[in-house]
Amino acid sequence: MNALKRFLGIIWLALAAAAAYFCIFEFGYPKFVSDKQEDLVFGIIILFVLTPLIVLGLGTFGYYALTGEYDERK
């Protein structure tokens, strides 16, 4: 079970990297450089609020799972 948790830690870190890419380059930046006011506000929220929360949350969880913090201790 501990090996599965460590493997899933790698998966969570990969999801953090994928979320960073999609939040920045697919969702946030195109809205940020748009000419419309509502797109600019949405882009700022995506880039500066949601992206760090999502990426740091997934990355922290993946790091702890990879380093064995969630292993069963006897």
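Read the figures in this text as sums done on the coordinates, not as results from a lab. The model shown is predicted, which means the values in this text are computed figures rather than measured ones. Neighbour counts are summed over all protein chains in view; Cβ atoms, including those assigned to glycine, are modelled from backbone coordinates with ideal geometry.
When you go through Ile45, Ile24, Ile11 one by one, which is the residue that is within 27 Å of Glu72 (Cα to Cα), surrounded by 11 or more Cβ atoms within 10 Å (Cβ to Cβ), free of Cβ contacts under 8 Å to residues at least 60 places away in the same chain and out of contact with any Asp or Glu (no Cβ under 8 Å at 6 or more places or on another chain)?
Just one listed residue meets the conditions, Ile11.
Give segment 27-42 a look and list any residue that's among the charged types (D, E, K, R) and either in contact (Cβ under 8 Å) with a residue 12 or more places away in the chain or surrounded by 13 or more Cβ atoms within 10 Å (Cβ to Cβ) (or both), or say none.
Lys31, Asp39
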